[in-house]
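Notes to accompany the following structure.
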Amino acid sequence: MYRYDEYDQQIVNERVMQYRDQVRRRLSGELSEEEFLPLRLQNGLYMQIHAYMLRIAVPYGLISSKQMRMFAHIARKYDRGYGHFTTRQNIQFNWLKLEDTPDILADLASVEMHAIQTSGNCVRNITSDEFAGVAQDEVVDPRPYAEILRQWSTFHPEFAYLPRKFKIAISGGKEDRAAIYAHDIGLAVTKNAQGEIGFRVLVGGGLGRTPIIGSEICEFVPWQHILTYVESILRVYNEYGRRDNKFKARIKILVKALGIDEFKRRVEADWADLKDGPGTLTIEEVDRVASFFSDPFYETLPDHDSKLNEFKADSRSFSNWLSRNVRPHRIPGYAIVVLSLKKPGNAPGDATAEQMEAVADLADRYSFGELRITHKQNLVLADVRQKDLIRLWQEAAEHELTTPNIGMLTDIISCPGAEFCTLANARSIPLAKVIAECFEDLDYQHDIGEITLNISGCVNACGQHHIGNIGITGVEKKDHDEWYQVSIGGSEGNDSSISKIIGPSFTFNQVPEVIERLIHVYLRERMETERFIETVRRIGHAPFKEHVYATDFMAQEEKVADKHIVEPAQYEVPYYSPRF
Amino acid sequence: MIIKNKTIVADDWTVLRLQEHDTAEDIIVSVGKVIVPLKVWRAQHETLQQRKDIGVWLTSDERAEDLKDDVQKFSVIAIDFPKFSDGRGYSIAYNLRARLGYKGELRAIGDVLRDQLFYMHRVGFDAFAPRPDRKIEDALKGLSDFSEVYQTSFNPILPLFRRTQRKGNSTVGTLND
Ligand code: HEM
Ligand code: SF4
């Protein structure tokens, strides 16, 4: 993975000093809260319901075991013993004191990490494919370009006060695993017919209040020009993006208003001036950065381990895990392992300090000391020898990291919701918990097959509910209850689509039953190996809607929800317990 | 007092701001060094261009190219930041310097705060009128927050990878060493 040289380290160290002084000025009253706000936000520090929350950057989700151990240390020393991995491949700590945050940054800097631009109206942390470098379908490894973009965007002087936040995702596989259609800029690094490397560039995607799938602005930007091309997109956005209305300030609104052709015309007019200028990438620089991502010392191994097959036959749970959580690797004899942070009963994406240390140890022993954080809030060990899988599984199981549910119904993506977030309309985590517990039965989940369920506590879509096959959004608190909208038909990847709401909203306790009914329609209607999303696309929303709203299900017998009645939230004192 | 070329200096320019009842056509531009709004410059072009002591300032929704024909006539151009969070001025500055080749003083006025100065300097500002309720000595410190930068902008024009020889992976271990 990338390693800081003296330049990177100096920039991060100077940031710590700058930030320490900003906090000092805030604490002494020299800075008003209003003035401090944008400074702390560009450093990932939010004021949440209970305390300060710090979002730490994990560039393109790649992290070393040493860095993971630092998270465990931060969780113990400054927080309540756990952290939350997010859909933006970052980690958040929820219970911090402002006075401690400069020390936390200093601790992070000691392991080549920071919280730069994890929030604020600037270019945010670059996200990427969690299987980068190891996926079988990879065309070009996106990681060197992700790192080059990270450096380019870090403290970019012109784009630190954009109209709104700005998110860039990059993927390099045939299959998009970085949700590039749902980002302000989505980049697919690829090769043209001549074998030259370049980027397919999408622009104006995004979720939130106005969900939009990104449009292609250029089919192929040669690698040399990617930084200048992105610079021109940002300049046009900075100049013309709306600033009068926060809800209309994202680049997607500008692209829609101008139309992609006019937007492209303006970008390319700006770019004509920059093309071949000093921002043009050199092969030396790409090679230099790429040298950090060259293959580890893979052994020559057979691609089939007979021991594995024997054990599989003996152990149903191992076999489940193997088929759900382990993915093929491009090197024979190796495998990609997804460690689930979705054990029903836990908050999606939460990990305790002990778990962080455990995964760091596993990474050291089984995966060259590296880990990845997925935008689905799980962890990945990317380079595991197949012959180590049994031991790894046994050891990871001790830390509750082997729930065999990746890509299945209980692999729920969820934002923090009303327990933490000041913007929430409703709770997300307890709802995720209740749904996961309702569908815990593995055979049933296996029968349902591949499906994504995403929960956001409000329209902002931090849980990316628009691109879940089933999406749940908190819409309001009313009558001592919380109300949620349910939508279906969303997806990410190459066939990205935005889900549509099925009808009037439901209370907290009704939602699991609604999910049950949606699943029921799917099981009734599906053809052969059709996935949930494919059935929705084929038969449309009507049959689902009909079944969900047909009868007053709260009066029916055998309700899933009945088994899990949860008290309505008490808003005066926010409901919270660290692990439920 | 303003900050110019990284030092605190006395300022002999005044910035003309229109009040609600003023119009660009009728406002009387006083004698002496005055930085007038672009609107006034346009409305009173005939008379103002006779004078050597006129600067111009742009609001954040005006554009560098609005000055395309006139840019070399000024020794001072200012860009207003109505709120520090309005970042359009950065692109205006960049375009004035990099695209229109403006060489004179480029001054940031309005909601100019210490923590913005470093960025402003990089896109081409060389003069700053920090918010009057702040200590100008403190603001000056903001210019030296960082000693190294990655990307191209106006200042420096060369990105780090063209200015230095950075080392690749052959010379370093892994983070877990
Ligand atoms: C501190 C708590 C948080 C706050 C106040 C917050 C705020 C917001 C807001 C206001 C938006 C809408 C932006 C817009 O449409 O312009 C948004 C979008 C988003 N946030 Fe958060 N968020 C928080 C935590 C999170 C977390 C924990 C995650 C990941 C689990 C996350 C991931 C996202 C994503 C993926 C989007 C949608 C991106 C898009 O619209 O393109 N946020 N957030
Ligand atoms: S979706 Fe809403 S409730 Fe959830 S984290 Fe984002 S802003 Fe908060």
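The values are calculated or read from the model by the stated rules, or taken from the named source; none is laboratory data. This one's a predicted model, so the numbers in the text were calculated from it and none came from an experiment. FYI the Cβ positions are ideal-geometry reconstructions off the backbone, even for glycines, and counts take in every protein chain you see. Note: accessible area is taken over every heavy atom of the protein model, side chains too, but ligands, DNA and RNA are not part of it. Shrake-Rupley method; radii C 1.70, N 1.55, O 1.52, S 1.80 Å.
Spatially, segment A:22-65 and segment B:22-99 are offset by 36 Å when compared through their Cα centroids.
Residues whose amide H falls under 5 Å from that of residue B:58, counting only those 5 or more places apart or on a different chain, are B:78, B:79, B:80, with hydrogens built in the peptide plane. Could you work out what % of the accessible surface of the protein assembly as shown is carbon and sulfur, using a 1.4 angstrom probe and leaving DNA, RNA and ligands out of the count? That share works out to 50 percent. Rounded to the nearest 10 degrees, the inclination of helix B:114-123 to the longest alpha-carbon principal axis of chain B is 90 degrees.
The residues neighbouring residue A:535, those whose beta-carbon lies less than 10 Å from its own, together hold a net charge of +2 under the Lys/Arg +1, Asp/Glu -1 convention. The overall shape of segment A:243-341 is oblate: from the C-alpha gyration tensor, with semi-axes ordered a ≥ b ≥ c, the ratio a/c is 1.5 or greater and a/b is no larger than b/c. Pull out a ≥ b ≥ c, the square roots of the eigenvalues of the alpha-carbon gyration tensor of chain A, then state rounded if a/c is under 1.5, prolate if not and a/b is larger than b/c, and oblate in the remaining case. Since a/c stays below 1.5, the shape of chain A is classed as rounded.
Would you please give the FRET efficiency between residue A:282 and residue A:193, computed as 1/(1 + (r/R0)^6) with r the Cβ-Cβ distance and R0 = 30 Å, to the nearest 0.05?
Calculated value: 0.80.
Residue by residue along B:83-93, Cβ atoms of other protein chains within 10 Å of the local Cβ number 6 on average.
Restricting to bridges with both residues inside chain B, how much of the DSSP beta-bridge set is antiparallel, in percent to the nearest 5? Roughly 25 percent of the DSSP beta bridges within chain B come out antiparallel. Among the listed pairs A:66/A:342; A:248/A:478; A:252/A:433; A:77/A:387, a Cα-Cα separation exceeding 30 Å is found for A:252/A:433; A:77/A:387.
Accessible area per residue for the protein assembly as shown is 39 Å², calculated with a 1.4 Å probe on protein heavy atoms, without ligands, DNA or RNA. Note on residue A:240: accessible area is roughly 70 Å² with a 1.4 Å probe, heavy atoms of protein only. Determine which residues of segment A:322-359 fall in the zone a paramagnetic label at residue A:301 would reach in this model, i.e. backbone nitrogen under 18 Å from the point 7 Å along Cα→Cβ. Correct set: A:322-339.
Remark on residue A:57: its backbone amide H falls under 5 Å from those of A:114, A:115, A:116, a criterion applied only to residues 5 or more positions apart or on other chains, H modelled at 1.01 Å from N.
A simple spin-label model places the labels of residue B:53 and residue A:479 7.5 nm from each other, with each point 7 Å out along Cα-to-Cβ. Using r as the Cβ-Cβ distance of residue A:98 and residue A:76, and R0 as 22 Å, what FRET efficiency do you calculate, to the nearest 0.05? So the FRET efficiency works out to roughly 0.70. Multiplying the residue separation of residue A:136 and residue A:5 by 0.36 nm and removing their Cα-Cα distance gives an extension gain of 44.1 nm.
Calculated [222 nm] ellipticity per residue, helices only, for chain A: -10500 deg cm²/dmol; basis is -39500 (n - 2.57) per DSSP H run with n ≥ 4, divided by all residues, nearest 500. Among the cysteines of chain A, those whose beta-carbon sits 4.7 Å or more from every other cysteine beta-carbon are A:122, A:218, A:421, A:438, A:458. Chain A contacts chain B over a buried accessible area of about 4700 Å², both sides summed; the probe is 1.4 Å and only protein chains count. Accessible area of residue B:21 (1.4 Å probe, protein heavy atoms only, ligands and nucleic acids ignored): about 150 Å². Accessible area of residue B:11 (1.4 Å probe, protein heavy atoms only, ligands and nucleic acids ignored): about 50 Å².
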